[in-house]
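Chemist: Pasting a structure here, questions to come.
The values are calculated or read from the model by the stated rules, or taken from the named source; none is laboratory data. Predicted model, so just to flag it, every value in this text is computed and none were measured. Here the Cβ positions follow ideal geometry from the backbone for every residue, glycine too, while neighbour counts run over all protein chains shown.
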Amino acid sequence: MNNIDFKDLSARISNPQSLTCPFCFNQLKEPMQINSIKTKRSYYMNCSICGKIQLDSSLKNSISNALSSKHQGYIDDDSFKDDTLEYHKLLFNHLYIVASYFYERKNKDEFIPIDKDRFIKIIKKIDLPITLLQKRDKLLLNIYDITEYFGKTVEIDKNGAYLCYAKNTTEYLSILEHCIDDKLFKKTDNSLLQNLYLEKETKFFEIKWTQKGYSKIEDIIKKQKTKITNNAFVVMKLDGEKGKYQTFYESNIIPAIKEAGYNPLPIIEKSTNESLITEIMNEIRKSAFVVVIMADHYPELNRDDVKNKKVHDSNYNIYWEAGFAKGCNKEVFLLYPESVYNEVHIPFDLSGFRHYPYDDSVNQIYIKQEKFVRLLSSSIVDILGTGKAKY
Ligand SMILES: [Zn+2]
């Protein structure tokens, strides 16, 4: 398996009806289908590892070219003069990493488009496993996912670099070996026999988890549970099912958060209930960011009274959550009603928050404010990157 014939792979992938996945090199379920929309040509493919993919034709050609030029160091075809050697190297070194990303996505039955830009975006994602231990944890998790029960032999793909974001098969096998050396799992007798006599005929290693491996995986899962999610915690004072702030939340805040790729959590009504407060704190800790919606619940009141603190501030409760979120180092997006933008009394320094005024006039608060939704969602993406929540 270490001696992959890249020239042969390149030739297979360059075939318009290729049966080889250009990311994980597995056999496709059916030959690629070409489709052209205007000047853009794409190949539709279905890989048992990567799922359904709509592959841009120039990326497909570049991959095939990168594989064939690997050992030659030059690009021999005029039609790819835009492909630099650097680009080829980048493709060559990240095919399995993109395959890992595809392998882990939730909905493999939907065609996911990929071209050069998207390829680069995927490999630059900040949360990809990079270190040996991160890759090992990923491998353990992915093997755990295909384990039926403790004690059962598990078949692991020999060409399984996509299981752990490895750059190539050599790295994958080293990580696997590391796990075996560390006695997290063991090769079964059966696979020893295969190694001796049948190595070339089998596509799998057979392994069994050890007790040590199982307690390791439990640790990793526990760690994951407290990991930052794609959730967005929203803080606001509710005003009933058809209330204007509830409507504003549904028609503006939910779409803005979803557009940025995050998952808006349902609002938890604050109370003095101890377990509810703990829940709020936990949710804030795990959230990617927090959106705080300041409301003007007394629009009929005299502004001077509001300014002079004569009116009980109905936003009081949510300051606590905003402060807690800030204390947890969360990015806090603070939304103000425009009408009182400069007038609302604020009890503590909010200069560290990002402020976004929204239109709270009667004819705007009940509808989707396109410009506001765009501004909020693009700010979230600018600051935190696109989330991975799927809809
Ligand atoms: Zn694949």
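Chemist: Anything in region 11-30 that is touching a helix residue (DSSP H, G or I) at 6+ places or on another chain (Cβ under 8 Å) and away from the ligand (no atom under 16 Å from the Cβ)? List them, or say none.
Modeler: As a first pass, look at region 11-30 and keep what is touching a helix residue (DSSP H, G or I) at 6+ places or on another chain (Cβ under 8 Å): 11, 13-14, 18-25.
If the condition is that a residue be touching a helix residue (DSSP H, G or I) at 6+ places or on another chain (Cβ under 8 Å) and away from the ligand (no atom under 16 Å from the Cβ), then 11, 14 are the ones that fit.
Chemist: For residue 343, which of the numbered conditions (1) within 29 Å of residue 276 (Cβ to Cβ); (2) modelled with pLDDT under 80 fails to hold?
Modeler: Residue 343 satisfies every listed condition except (1).
Chemist: Can I ask one more? With the requirement that a residue be out of contact with any Phe, Trp or Tyr (no Cβ under 8 Å at 6 or more places or on another chain) and either among the aromatic types (Phe, Trp, Tyr) or on the phi > 0 side of the Ramachandran plot (or both), what does region 2-40 give you?
Modeler: The answer is 6, 25, 38.
Chemist: Just checking, how many residues over region 31-42 are farther than 15 Å from residue 56 by Cβ and either under 28 Å from the mean Cα position of the chain (by Cα) or within 11 Å of the ligand (Cβ to nearest atom) (or both)?
Modeler: Taking region 31-42 as the starting set, the residues that turn out to be farther than 15 Å from residue 56 by Cβ are 31.
If we keep only those that are either under 28 Å from the mean Cα position of the chain (by Cα) or within 11 Å of the ligand (Cβ to nearest atom) (or both) too, we end up with none.
Adding up the residues that qualify gives 0.
Chemist: Scan region 31-39 and give yes if some residue there is modelled with pLDDT of 90 or more and either within 20 Å of residue 92 (Cα to Cα) or part of a loop (DSSP other than H, G, I, E, B) (or both), otherwise no.
Modeler: So far as region 31-39 goes, yes, one or more of its residues are modelled with pLDDT of 90 or more and either within 20 Å of residue 92 (Cα to Cα) or part of a loop (DSSP other than H, G, I, E, B) (or both).
Chemist: Please go through (1) touching a helix residue (DSSP H, G or I) at 6+ places or on another chain (Cβ under 9 Å); (2) within 16 Å of the ligand (Cβ to nearest atom); (3) on the phi < 0 side of the Ramachandran plot for residue 51 and return the number of the only condition it doesn't satisfy.
Modeler: For residue 51, the failing item is (3).
Chemist: Tell me, yes or no, whether region 348-358 has at least one residue that is touching a helix residue (DSSP H, G or I) at 6+ places or on another chain (Cβ under 9 Å), loosely packed, with under 15 Cβ neighbours inside 10 Å, in the same structural domain as residue 327 (by TED's automatic domain parsing) and at pLDDT below 75.
Modeler: Yes, the conditions are met somewhere in region 348-358.
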